[in-house]
Every structure is written in C-alpha cells, then in structure tokens.
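Participant: I am attaching a structure below and will ask some questions about it afterwards.
The values are calculated or read from the model by the stated rules, or taken from the named source; none is laboratory data. Not measured: the values here are computed from a predicted model. Virtual Cβ from ideal backbone geometry, glycine too; neighbours counted across all protein chains shown. The protein model used for the area step is the full one, side chains on, heavy atoms only, and it has no ligands, DNA or RNA in it. Shrake-Rupley method; radii C 1.70, N 1.55, O 1.52, S 1.80 Å.
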Amino acid sequence: MATTTDIVVVGAGLAGLVAACEAADAGARVLVLDQEPEQSLGGQAHWSLGGLFLVDSPEQRRLRVRDSFDLAWSDWLGSAQFDRDDDLWPQRWAEAYVHFAAGEKRAWLAAQGLKLFPVVGWAERGDGRADGHGNSVPRFHLTWGTGPGVLEPFLRRARAHEASGRLSFGFRHRVDEVVVEDGRAVGVRGAVLAPDATARGTASTREVVGDFEVRAGATIVTSGGIGGDLDLVRRFWPERLGTPPEQMVAGVPAHVDGRMLGITEAAGASLVNRDRMWHYTEGLHNWDPVWANHGIRILPGPSSLWLDAFGRRLPAPCYPGFDTLGTLRHLRTTGRDWSWFILTAKVIEKEFALSGSEQNPDLTGRDLKLVAQRVKPGPPGPVQAFLDHGADFVQATSVDQLVAGMNALVGEDLVDAAAVRHIVEARDREIANPFGKDAQVTALRGARNYLGDKLIRAASPHRFLDPKAGPLIAVRLSILTRKTLGGIETDLDGRVLRAGAASAEREPIDGLYAAGEVAGFGGGGMHGYNALEGTFLGGCLFSGRAAGRAAARGVR
C-alpha cells in the first residue's frame, strides 16, 4: 500500500529543507526522502564555507563598498553570457535572484537567526573586462557558523514541524521513478536501502531491503548535481573547456550522483544546459579525507605566482581568485592535469584559506578566540596541517631545491629551475618598483586598497627571493569537481517544464517541481556559463523557497 501525503520532497539538502519548511509553514503535510542516512541530513551545504552573495548590504557599506542592483545585474549578465534559446527561464531566474540578493534576502535570513562575518570577501574578481565576467566589488558574505550555520534555521524549523506531525523524513529511501498518470506527477517509487551507520560524507551501502511508493499532490525534486560521479562529469564536459581531465579530485561525496536528473527526464522533464558546470582549478588532495578522492579547494589571495605543469607562468587574467573557468580553459591546453602555485611563507600565512566547514573550525564553531589566532604569525592551523601532511606541498630555501622537489613530486622533469628563477626574479623587480608593468602586481596593490583584503586576505608586497619571507613553497593544484550549472528547466514557481516544444512554448508538468542544483539553482541554469560565487547556497535558498511555497498553493 502506498503512503500518501500532500507533498513529497526528494532530497534532504538545503534546497529540500527550505522547500519542505516553506510548504509546511503553509499548512501542507510534507514527506522528505533521501537515499542517505539521517546523519547526512543537510547534504552538501554542511560541508560548505557558507558564502552568500548579497548586494548593497550593511557589511559592504561599513567597508566603504558601493554596490547596487544595477551594478550586480551588469556583473551577472557579463558573467552568465546568456546566448541560447534555453536561457529564457534561466535569465528570468537570474534577474529575480539578484533582486532577492539586493532586497529581502538578508533580512529574511537574519529574522531566522543567521549572522554574518563582518568582513566581505572579494571572489571571482574577473576576466579583466569592465563588461565581462567577475564581481566589480566584494560581495562574498561569510556566514558565522559556515555551512552548518546556513542550515541551522531550516533544520530547526524542520524539526519543529516534525514534532508537530506536519513533516516527516524517510531516510534510506532511494527514488527510482517519478510516477506520472494522465500527464500529472502523482508521487514517486523506489527502493528502501539497508540501514547504515556510516559517518556523514562516507559511502553508504546500496543494499536493497524493500520497496516503497508515495502518492502526493506535489513532488519537489531537490537531489543535487553530478559532481560526485567523475565519469558523468567527463560525459558532459564541454568542448569549450578542452578535453576532460583524466585525474581530478572530488569536491563532493559519491552520493552526489545526478541520478534524479535522468529519472526526472524520463517523467517528461526538459533538461537544459547540461554542458555548463563549475569546477575549481585550485584543488588539493585532502590529507585526512572524509570520502574517496576527497579534494579541498584553496581560497587564494592575489599574490601567488601561477605556473602550468611545465613551469610556464599563466597569462593574464589567470591569477588566483580572478577567473575560474577562464583559467580552467587555459590549463586544459597544457597537456597535463595539474598546475602550480609558487609563493612564500609570508604569503601562505595571510592569503591561504581552505574552503569547507571542517577546514575552518573557528568560524564553524563560532569561536572568537580561535578567530583571533588568524592575526598571529604563521598560517592557520588547518593550513599548517596541509603543509605538514599534505601530498601537494614542497618547501625549499632556493629555487633549485624547490624545482627539484616539484619534479620529484610528479615523477617527471618537466620544470626547469632557470626558467622559474627568471619568472620569480622578474616579478621581484616589479615589487621593488612603485610603478611597473606586471598586471598581477598591479592587481595585488589594487586589492590592498580594499580594507577587507588589506586586513586579512592580501599579504604586503614583498620579494619572493627575500630570505626573510621564506621558505619558498610550491603547491601542486588539481582540478576539483564541484557544481552543476544546468539541469531541470523550471518556471519562476519551480514548476518543471515539459520537454518536446520550443523553449517559450514549454508547459509545466502538473504536480512536479524542482529546486537547487538539480535545477541549475533555478530555471535550469541561472548562472549561465559562470558563477559570481556565494550564489550556490543562495540559489538553493531562493529556488527552494519558491518551489515550496508554490507547491503548497497547488495542493490546497
């Protein structure tokens, strides 16, 4: 016998929790299903740094950052580069989201208890064009409590609804089919998986112990992207980014498998922009992994020299923190799957941050005493742990020793010490010159004009070959999988659109909704080709809210 409910939500990540809470607030009975155990409640948001894209916020204004909807929308369009018929709904979602980020987003979250770190980060500084990709101003607002801090209000609301009997969870329930009858989605079917006490993020058993069916007035798919399935990433890898890497590190656990994309497509959904994706070029092999092939991203400041696998300096604007996909596209022309940062101990102690809640225990734990340790000499504890134990770090007192260590690490003599010495010496000459022509040095000086960067993100300019700044450090960087930018096409209520017609003529499938990464964070890809950062969690919040509210209206 099938279980019945008003709304079934497939996926217990951030978008699913938001949708479920909003629907339950509106009076609907909600069942949330997830193939993972209860300890993985919250999905990928738990592991995130908790960055949120906000426009013209009090935090920006306190740091003398002038922002506006018009500037943010111009930046978004320059980054998204919408150019397809299938971009009709993604562009509408993008504009609505930027209005949300410039309007009620901050107040809505603050009313639920979410607090922000006072220093605003400047992510994705751009491709060097005024009308191109990138943030013209700092907009990356770090949640106090990182990813768990973003989840906290919705976990609290969900548990309150669970206690009242309005919301329930079905963990270890893997959806294998969206049930459609007479053109309307009427629920889901799938397999019950065996209980598993494995820790959050680690692979859980796929042993089937039963089956289930849920009948519902509305079904909301919030199952995430494809970043945990490297073969699927390679399958949809776009030609514009070159050949897919043979070796990558995984930025998300294996259960981020993209299964629901194909399952929802089989129910008649339109899938668009599947070749749009967001992968980072600054990945490290986690020395203390949670999941298989676990990668951690460096959030770099602007000082490190970036070299390809052969020791050649990357061209402008392929600088740390500037243009993620532009840099990825260039690196795929080099014939190797890795690149290098060259820096100093003075740079690493101020400019290296690691993405993820578990790599920032001070911020995640809301520990002011630990946060204060960041201003003391030496790198933060998690960064020091990578220096001590990580497989990707080389330290030396001379360029010759450094290059010898780099070549030994990869097992090939690809990098020439004399060539690297020439690059470093040329760069150091520009540091000694208050004028100069090195665009990266100019960008470094420009970054320090922003108070937030000067305080905590950009090291004071110095010569890399100055012994007082040493030792020299080389960091091997791998490509790290992360986000799916395309997916299930939806209208502004999160209603899934039916495949088989021209974009402007696609009709919604009655009773079927989608939100979060599985829907390209809104509409099937509201980011277009590029992300401005801090927009993934925000996209889950915004699209989950819209889908939950609309689904509740539809079942009244």
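Participant: Considering only residues of region 20-68 that are part of a loop (DSSP other than H, G, I, E, B) and of a type in the set (Lys, Arg), which is farthest from the chain's Cα centre (by Cα)?
Facilitator: This residue is 29.
Participant: Now for a different question. Which one is most open to solvent (accessible area, probe 1.4 Å) among residues in region 95-140 that are of a type in the set (Asp, Glu) and touching a His at 6+ places or on another chain (Cβ under 9 Å)?
Facilitator: The selected residue is 127.
Participant: Could you list, in sequence order, all residues of region 254-269 that are farther than 16 Å from residue 510 by Cα and crowded, with 23+ Cβ neighbours inside 10 Å? Break it down stepwise before answering.
Facilitator: Going residue by residue through region 254-269, those that are farther than 16 Å from residue 510 by Cα are 254-263.
Correct list: 255, 256, 258, 260, 261.
Participant: Would a scan of region 265-274 turn up a residue that is among the β-branched types (Val, Ile, Thr) and within 16 Å of residue 484 (Cα to Cα)?
Facilitator: Checked against the condition, which is being among the β-branched types (Val, Ile, Thr) and within 16 Å of residue 484 (Cα to Cα), region 265-274 yields at least one hit.
Participant: Further question: Of all residues being basic (Lys, Arg) and part of a loop (DSSP other than H, G, I, E, B) in region 275-314, which is surrounded by the fewest Cβ atoms within 10 Å (Cβ to Cβ)? Just the residue, please.
Facilitator: Going through the qualifying residues, I end up with 312.
Participant: What is the residue count in region 37-51 for residues that are open to solvent by less than 30 Å² (accessible area, probe 1.4 Å), touching a Gly at 6+ places or on another chain (Cβ under 8 Å) and either under 23 Å from residue 547 (Cβ atoms) or modelled with pLDDT under 95 (or both)?
Facilitator: So the count comes out to 7.
Residue-wise test of (1) more than 30 Å from residue 332 (Cα to Cα); (2) among the aromatic types (Phe, Trp, Tyr).
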residue: 148; (1), (2): yes, no
residue: 193; (1), (2): yes, no
residue: 212; (1), (2): yes, yes
residue: 237; (1), (2): no, yes
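Participant: Quick check on my filter: what residues within region 182-235 are farther than 30 Å from residue 545 by Cβ and part of a helix (DSSP H, G or I)?
Facilitator: Answer for region 182-235, where residues must be farther than 30 Å from residue 545 by Cβ and part of a helix (DSSP H, G or I): 230, 231, 234, 235.
Participant: Among the residues of region 395-423, how many are out of contact with any Asp or Glu (no Cβ under 7 Å at 6 or more places or on another chain), open to solvent by less than 70 Å² (accessible area, probe 1.4 Å) and without any contact (Cβ under 8 Å) to a residue 24 or more places away in the chain?
Facilitator: The total comes to 4.
Participant: Could you tell me which residue of region 315-371 is modelled with the lowest pLDDT, considering only residues that are hydroxyl-bearing (Ser, Thr, Tyr) and open to solvent by 30 Å² or more (accessible area, probe 1.4 Å)?
Facilitator: The first filter runs over region 315-371 and keeps only residues hydroxyl-bearing (Ser, Thr, Tyr), leaving 319, 324, 327, 333-334, 339, 344, 355, 357, 364.
So of that shortlist, the ones also open to solvent by 30 Å² or more (accessible area, probe 1.4 Å) come out as 333, 364.
Values: 333: 97, 364: 94.
Filtering first and then ranking leaves 364.
Participant: Then there is this: Which of the residues belonging to region 440-459 are open to solvent by less than 50 Å² (accessible area, probe 1.4 Å), touching a residue at least 24 places away in the same chain (Cβ under 8 Å) and over 19 Å from residue 311 (Cα atoms)?
Facilitator: 443, 444, 447, 450, 452, 453, 458, 459
Participant: Please work out if residue 249 is of a type in the set (Val, Ile, Thr), under 30 Å from residue 495 (Cα atoms), at pLDDT 95 or above and open to solvent by less than 10 Å² (accessible area, probe 1.4 Å). Full working, then the answer.
Facilitator: Values: of a type in the set (Val, Ile, Thr): yes; under 30 Å from residue 495 (Cα atoms): no; at pLDDT 95 or above: yes; open to solvent by less than 10 Å² (accessible area, probe 1.4 Å): yes.
When the stated conditions are applied, residue 249 does not pass them.
Participant: Just wondering, is there one or more residues in region 149-156 that are in a helix (DSSP H, G or I) and among the acidic types (Asp, Glu)?
Facilitator: For region 149-156, residues in a helix (DSSP H, G or I) and among the acidic types (Asp, Glu): present.
Participant: Here's something else I'd like to know. Within region 69-84, how many residues are touching a residue at least 40 places away in the same chain (Cβ under 8 Å), among the aromatic types (Phe, Trp, Tyr) and assigned to a helix (DSSP H, G or I)?
Facilitator: Number of matching residues: 1.
Participant: Grab the helices (runs of 4 or more DSSP H) fully contained in region 316-382, keeping just those with 3 or more residues being more than 30 Å from residue 398 (Cβ to Cβ) and among the small types (Gly, Ala, Ser).
Facilitator: Output list is empty.
Participant: I'd like to know if region 488-506 contains one or more residues that are under 17 Å from residue 277 (Cβ atoms), assigned to a loop (DSSP other than H, G, I, E, B) and open to solvent by less than 10 Å² (accessible area, probe 1.4 Å).
Facilitator: yes
Participant: Out of 71, 63, 54, report the one residue that is open to solvent by 10 Å² or more (accessible area, probe 1.4 Å), under 15 Å from residue 135 (Cβ atoms) and in contact with a helix residue (DSSP H, G or I) (Cβ under 6 Å, 6 or more places away or on another chain).
Facilitator: Going through 71, 63, 54 in turn, just one is open to solvent by 10 Å² or more (accessible area, probe 1.4 Å), under 15 Å from residue 135 (Cβ atoms) and in contact with a helix residue (DSSP H, G or I) (Cβ under 6 Å, 6 or more places away or on another chain): 63.
Participant: Residues of region 236-258 being of a type in the set (Asp, Glu), part of a loop (DSSP other than H, G, I, E, B) and more than 19 Å from the chain's Cα centre (by Cα), which ones?
Facilitator: Of everything in region 236-258, just one residue is of a type in the set (Asp, Glu), part of a loop (DSSP other than H, G, I, E, B) and more than 19 Å from the chain's Cα centre (by Cα), namely 246.
Participant: Any chance region 460-467 includes a residue that's open to solvent by less than 10 Å² (accessible area, probe 1.4 Å) and at pLDDT below 95?
Facilitator: No, every residue in region 460-467 fails to be open to solvent by less than 10 Å² (accessible area, probe 1.4 Å) and at pLDDT below 95.
Participant: Can you name every one of the helices (runs of 4 or more DSSP H) wholly within region 416-461 that holds 2 or more residues which are under 19 Å from residue 317 (Cα atoms)?
Facilitator: Filter on region 416-461 gives 417-431, 439-447.
Participant: What tally of residues in region 95-115 results from selecting those that are of a type outside the set (Ser, Thr, Tyr), outside any loop (DSSP other than H, G, I, E, B) and touching a helix residue (DSSP H, G or I) at 6+ places or on another chain (Cβ under 6 Å)?
Facilitator: So the count comes out to 3.
Participant: If you check 199, 163, 194, which single one turns out to be free of Cβ contacts under 8 Å to residues at least 12 places away in the same chain, among the hydrophobic types (A, V, I, L, M, F, W, C) and either surrounded by fewer than 22 Cβ atoms within 10 Å (Cβ to Cβ) or in contact with a Phe, Trp or Tyr (Cβ under 6 Å, 6 or more places away or on another chain) (or both)? Walk me through how you get there before you give the answer.
Facilitator: Details: 199 fails: free of Cβ contacts under 8 Å to residues at least 12 places away in the same chain; 194 fails: free of Cβ contacts under 8 Å to residues at least 12 places away in the same chain.
None of the other options fit; the residue is 163.
Participant: Has region 469-485 got any residue that is open to solvent by 50 Å² or more (accessible area, probe 1.4 Å) and part of a helix (DSSP H, G or I)?
Facilitator: no
Participant: Only one of these conditions is not met by residue 375: (1) open to solvent by 80 Å² or more (accessible area, probe 1.4 Å); (2) in contact with a strand residue (DSSP E or B) (Cβ under 8 Å, 6 or more places away or on another chain); (3) not acidic (Asp, Glu). Which number is it?
Facilitator: Result: residue 375 fails condition (2) only.
Participant: Evaluate the following for residue 102: is it more than 20 Å from the chain's Cα centre (by Cα) and in contact (Cβ under 8 Å) with a residue 40 or more places away in the chain?
Facilitator: yes
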